[in-house]
Amino acid sequence: MPYPGKPTTKRARTSQCGWMPIHGIWKPLRAPSITPSSSHPLRADNCKDQTFKTGKGVPASTDQLALRRSGRSSHMSKSLVMQKAAAKATDEDLSQFVASAHSLSTVKQKSAAWNSFKKCISAAGRKPGGRGVDDFILWIHSMTKSEYKYSTIYNYVGHVRRRFEDVTGSPFQAAHNKILDLSLRAARKIVGDEGPLKAITLNKDEIISVAKLLSEECADIMLAGIIGMCRCSELFDLYAGDVMVTDFGIQLRIVKSKTDQYRTGHWVRIGCIGSRDQMGSGCGEAWCIAHRLLLRAYQLEAPDCKLFTVTRNQFAESLRDSVIQVTSCPAERATSHLMRRSGAVLYFRANTPLPTIAELGRWKDAACLEGYLRDAGDACSYLSSLTVKVWSAVAN
């Protein structure tokens, strides 16, 4: 099959056999023999489009889709919608619209920082912002006494500082910035700075051990995250129709991701680890994630069904418990971020060039990737054996 171009956001539509595949994107092993129903054993409740055949196998919405509006009528329709939206818009709607430019986690952190600042200053009998940089010093001092992590103190101060600068329309004075920097440095000396906490990395044996403890669905998510170096948000946004067969395995269509907020789209390539002669039906390898995902996709009744039905929180809890059981690592290191970290380390240990790993995992460049390779779970034994290997290789 030829390599596809830019990933499309188009979805397949329903037809008499249950659904109509998009050419080059989705091709079933066999067409469904019955019309899906609520009692169907493979039915997924979270199918995006559950409008099936009516009459002679024509979807109920086909007549509406067949109406082709002229350019003028379409423009008039958009103009009317725009006017109605403007008439209904409130200040709160506009505020939320602007805030949506940031990720949800950033919005939550900004809100938490501002609430922390207000509570601290109000507890001292002051009005937030009334005494400028003095309020910041009091806030930093109080967070230090409360033993906040330095990373939290630093991020909170940054958010509130930028909020004040946006409101006043001017940056802090150089003298005030110097005082804030000194206050942050003092806090750092007192509470310490451990740096960012890295998720643990798993070697091949540990990956298989963890996968055996997980449910089949959670194991598929973990394996796809490691071998494809995918983010959790990307995996939980996959549909059955996003899995495409290729000559070497499969490709996953990633429509949107953390580093692709504008939906340029990417293809994640995952190769089959078994026999290429059996690519269409299976390869005999129990842990071949390419065929595991392909089978999972083909068992769903429509391309618009979610590939995974477990929730992200359920997966995170299950993964954490299983990883702790296998590695005995601290709970804070057994996060889903271990998937991309483990994948990067596995590829690197197999002598894959950094630029290639960066391309596979969709990092900006090799420099962004280097941090993922540090502090691996087996760093102690690996580096020790590497020392012996290097010493033995050096000629006397």
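The values are calculated or read from the model by the stated rules, or taken from the named source; none is laboratory data. Since this is a predicted model, take the numbers as computed values, not measurements. Counting neighbours? That spans all protein chains shown, and the Cβs are built from the backbone with ideal geometry, glycine included.
Only one of the numbered conditions (1) without any contact (Cβ under 8 Å) to a residue 24 or more places away in the chain; (2) farther than 15 Å from residue 229 by Cβ; (3) of a type in the set (D, E, K, R) is not met by residue 359, and that is (2). Among the residues making up the stretch 331-362, those that are of a type outside the set (A, V, I, L, M) and under 22 Å from residue 312 (Cβ atoms) are 332, 333, 335, 336, 337, 340, 341, 342, 343, 361, 362. Counting just the residues of the stretch 352-396 that are charged (D, E, K, R) and within 14 Å of residue 342 (Cα to Cα), which one comes out surrounded by the most Cβ atoms within 10 Å (Cβ to Cβ)? Only one residue fits best here, namely 378. Of all the criteria given as (1) within 21 Å of residue 241 (Cα to Cα); (2) among the hydroxyl-bearing types (Ser, Thr, Tyr); (3) surrounded by 14 or more Cβ atoms within 10 Å (Cβ to Cβ), the one not satisfied by residue 318 is (1). Per this entry, residue 133 is not counted among residues that are exposed (fewer than 13 other Cβ atoms within 10 Å of the Cβ) and assigned by TED's automatic domain parsing to the domain that holds residue 119. Looking only at the stretch 129-172, filter to residues that are part of a helix (DSSP H, G or I) and hydroxyl-bearing (Ser, Thr, Tyr); which one of those is modelled with the lowest pLDDT? Filtering the stretch 129-172 for residues that are part of a helix (DSSP H, G or I) and hydroxyl-bearing (Ser, Thr, Tyr), the one modelled with the lowest pLDDT comes out as 168.
Can you confirm whether residue 329 is under 17 Å from the mean Cα position of the chain (by Cα) and either modelled with pLDDT under 90 or part of a loop (DSSP other than H, G, I, E, B) (or both)? No; evaluated as a whole, the condition is false for this residue. Condition check for residue 227 on (1) in contact with a Leu (Cβ under 7 Å, 6 or more places away or on another chain); (2) hydrophobic (A, V, I, L, M, F, W, C); (3) over 18 Å from residue 305 (Cα atoms): one failure, at (1). Among the residues of the stretch 340-375, the ones that are in contact with a Lys or Arg (Cβ under 8 Å, 6 or more places away or on another chain) and either on the phi > 0 side of the Ramachandran plot or aliphatic (A, V, I, L, M) (or both) come to 4 in all. For the stretch 148-158, the condition holds for no residue, the condition being that it is on the phi > 0 side of the Ramachandran plot and either in the same structural domain as residue 184 (by TED's automatic domain parsing) or exposed (fewer than 12 other Cβ atoms within 10 Å of the Cβ) (or both). Of note, residue 285 does not satisfy the criterion of being surrounded by 13 or more Cβ atoms within 10 Å (Cβ to Cβ), under 28 Å from residue 243 (Cα atoms), without any contact (Cβ under 8 Å) to a residue 60 or more places away in the chain and within 18 Å of the chain's Cα centre (by Cα). Looking across the stretch 139-176, the residues that are among the polar types (S, T, N, Q) and touching a helix residue (DSSP H, G or I) at 6+ places or on another chain (Cβ under 9 Å) come down to 142, 144, 152, 155, 173.
Screening 208, 221 for residues that are surrounded by fewer than 17 Cβ atoms within 10 Å (Cβ to Cβ), part of a helix (DSSP H, G or I), at pLDDT 95 or above and at negative phi leaves exactly one candidate, 208.
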